[in-house]
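What follows is a short report on a single structure.
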Amino acid sequence: MINLEGKVALVTGASRGIGRVDALTLARAGADVVVTDILLESDLESRARAEQYGPLAQVMQSTGQVYTERTAEAIRAMGRRSAAYRMDVTNPEQVREVFARVREEFGGLHVLVNNAGTLDHLGQIENQRDELWERDLRVNLTGAYTCCKAVWPIMKEQQDGRIVNMSSVAGTLGGFGQASYSSTKAGLIGLTKSLALEGARHGIRVNAVAPGIIGTEAFKMGTGHQDRMVARTAFRRVGEPEDVANAIAFLVSDLARYITGVVLNVSGGIELFTF
Ligand SMILES: NC(=O)c1ccc[n+]([C@@H]2O[C@H](COP(=O)([O-])OP(=O)(O)OC[C@H]3O[C@@H](n4cnc5c(N)ncnc54)[C@H](O)[C@@H]3O)[C@@H](O)[C@H]2O)c1
């Protein structure tokens, strides 16, 4: 059985979607969970900040689809410890502060899920906006690197660390109109495998999951290509955030103690040859 009792986990980008369900699933498996995001529902300051994070953040904030603090409350209601912190993964100082605070208040940090990501634009290379290319690299790839670097000394000292990076089938297959997104998701696979090699001697395992099409709030708002994407899956349906969260719970549990450096597809077979 998956049992994470006694472990402290932190999920980035957990205000909604896959990250929120990851946090709840890890808590159900017994972990204390710190829920982090750029958006917190009670933080008036972050309302203004939503503008800075682009149209998707603004829509989510204005339609109330921000559940960071409510997720932490739900976890506490399960009898686990939890807190919601604002943490922008592109801000290394803030990341270090939050991790130091978690270590102090929760007594350690054993599980890191690098989930924060940007999934809000499509555009072929000629129309790729340079600032979005830079932003995607900063959030999806450098953000995960920053969090891994900040957690490393803590996990090393504990001789116990379990990291999961959120890649995507766009990182393994490429994606039409997704040059920046898929490049960051491919980059995360390199980061995962390199850190798996470096971490093994310190009791740190590093793996990745590569979801296919998952029916999150952001996906449902989507691009209008949903039906075509669904038709490419072997199951002919989208996945649920729980499908990804369950894979992550397994990878960070002791059941996966001999698994490091893998990329686990959670994709309904979208990468298989089908017609
Ligand atoms: N939904 C899918 O079909 C799918 C498929 C493959 C991979 N993924 C990946 O899964 C992850 C979650 O996707 P989702 O569908 O839940 O998307 P989402 O947009 O709902 O969630 C992304 C979260 O990241 C947060 N975030 C954005 N920028 C941030 C920053 N600078 N610092 C901290 N947090 C930040 C957002 O506020 C949001 O809570 C992403 O990494 C995405 O690329 C999703």
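Summed over the stretch 124-161, residues that are out of contact with any Gly (no Cβ under 6 Å at 6 or more places or on another chain), farther than 17 Å from residue 56 by Cβ and assigned to a loop (DSSP other than H, G, I, E, B) total 1. Checking each residue in the stretch 136-157 for being farther than 17 Å from residue 93 by Cα and surrounded by fewer than 19 Cβ atoms within 10 Å (Cβ to Cβ) picks out 137, 156, 157.
Taking the stated definitions as given, is residue 109 assigned to a loop (DSSP other than H, G, I, E, B), closer than 24 Å to residue 253 by Cα and in contact (Cβ under 8 Å) with a residue 24 or more places away in the chain? Here the answer is yes, as residue 109 does meet what is asked. Of the helices (runs of 4 or more DSSP H) entirely within the stretch 165-256, those holding at least 2 residues that are in contact with a strand residue (DSSP E or B) (Cβ under 8 Å, 6 or more places away or on another chain) occupy 169-173, 179-199, 241-251.
Given the structure, is residue 66 over 26 Å from residue 158 (Cβ atoms), touching a strand residue (DSSP E or B) at 6+ places or on another chain (Cβ under 8 Å) and not in a helix (DSSP H, G or I)? Here the answer is yes, as residue 66 does meet what is asked.
Can you find, within the stretch 210-240, the residue that is nearest to the chain's Cα centre (by Cα) among those that are near the ligand (Cβ under 8 Å from one of its atoms) and among the hydrophobic types (A, V, I, L, M, F, W, C)? The extreme case among them is 210. Within the stretch 170-184, does at least one residue satisfy the condition of being away from the ligand (no atom under 11 Å from the Cβ), within 15 Å of the chain's Cα centre (by Cα) and not polar (S, T, N, Q)? Scanning the stretch 170-184, I find no residue that is away from the ligand (no atom under 11 Å from the Cβ), within 15 Å of the chain's Cα centre (by Cα) and not polar (S, T, N, Q), so the answer is no. Of the residues screened, residue 77 is not one that is within 26 Å of residue 96 (Cβ to Cβ), out of contact with any Ser or Thr (no Cβ under 8 Å at 6 or more places or on another chain) and surrounded by fewer than 17 Cβ atoms within 10 Å (Cβ to Cβ). Considering 63, 25, the condition of being within 16 Å of residue 252 (Cα to Cα), more than 10 Å from the ligand (Cβ to nearest atom) and among the polar types (S, T, N, Q) is satisfied by 25 alone.
Quick grid of which residues meet (1) without any contact (Cβ under 8 Å) to a residue 60 or more places away in the chain; (2) acidic (Asp, Glu); (3) in contact with a helix residue (DSSP H, G or I) (Cβ under 9 Å, 6 or more places away or on another chain); (4) surrounded by fewer than 19 Cβ atoms within 10 Å (Cβ to Cβ):
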{"site": "166", "(1), (2), (3), (4)": "no, no, yes, no"}
{"site": "191", "(1), (2), (3), (4)": "yes, no, yes, no"}
{"site": "201", "(1), (2), (3), (4)": "yes, no, no, yes"}
{"site": "206", "(1), (2), (3), (4)": "yes, no, yes, no"}
{"site": "210", "(1), (2), (3), (4)": "yes, no, yes, no"}
{"site": "230", "(1), (2), (3), (4)": "yes, no, no, yes"}
{"site": "236", "(1), (2), (3), (4)": "yes, no, yes, yes"}
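Taking the criterion of being farther than 19 Å from residue 10 by Cβ, near the ligand (Cβ under 9 Å from one of its atoms) and in contact with a Leu (Cβ under 8 Å, 6 or more places away or on another chain), the only residue of the stretch 120-148 that qualifies is 120. So, of the residues in the stretch 89-100 that are assigned to a helix (DSSP H, G or I) and within 16 Å of the ligand (Cβ to nearest atom), which turns out to be surrounded by the fewest Cβ atoms within 10 Å (Cβ to Cβ)? Result: 93. Using the structure shown, decide if residue 193 is more than 12 Å from the ligand (Cβ to nearest atom), of a type in the set (D, E, K, R) and within 18 Å of residue 170 (Cβ to Cβ). Yes, satisfied. Contact annotation: residue pairs with Cβ atoms under 9 Å, 6 or more positions apart or on different chains, pairing a residue in the stretch 247-269 that is within 16 Å of residue 166 (Cα to Cα) and at pLDDT 95 or above with a partner that is aromatic (Phe, Trp, Tyr) and outside any strand (DSSP E or B), are 264/250. Anything in the stretch 40-63 that is surrounded by fewer than 21 Cβ atoms within 10 Å (Cβ to Cβ) and outside any helix (DSSP H, G or I)? List them, or say none. Within the stretch 40-63, 41, 42, 43, 53, 54, 63 qualify. The residue that is nearest to the chain's Cα centre (by Cα), counting only those in the stretch 112-122 that are in a loop (DSSP other than H, G, I, E, B) and among the polar types (S, T, N, Q), is 115.
The values are calculated or read from the model by the stated rules, or taken from the named source; none is laboratory data. Bear in mind the structure is a predicted one, so any value in this text is a computation, not a measurement. Virtual Cβ from ideal backbone geometry, glycine too; neighbours counted across all protein chains shown.
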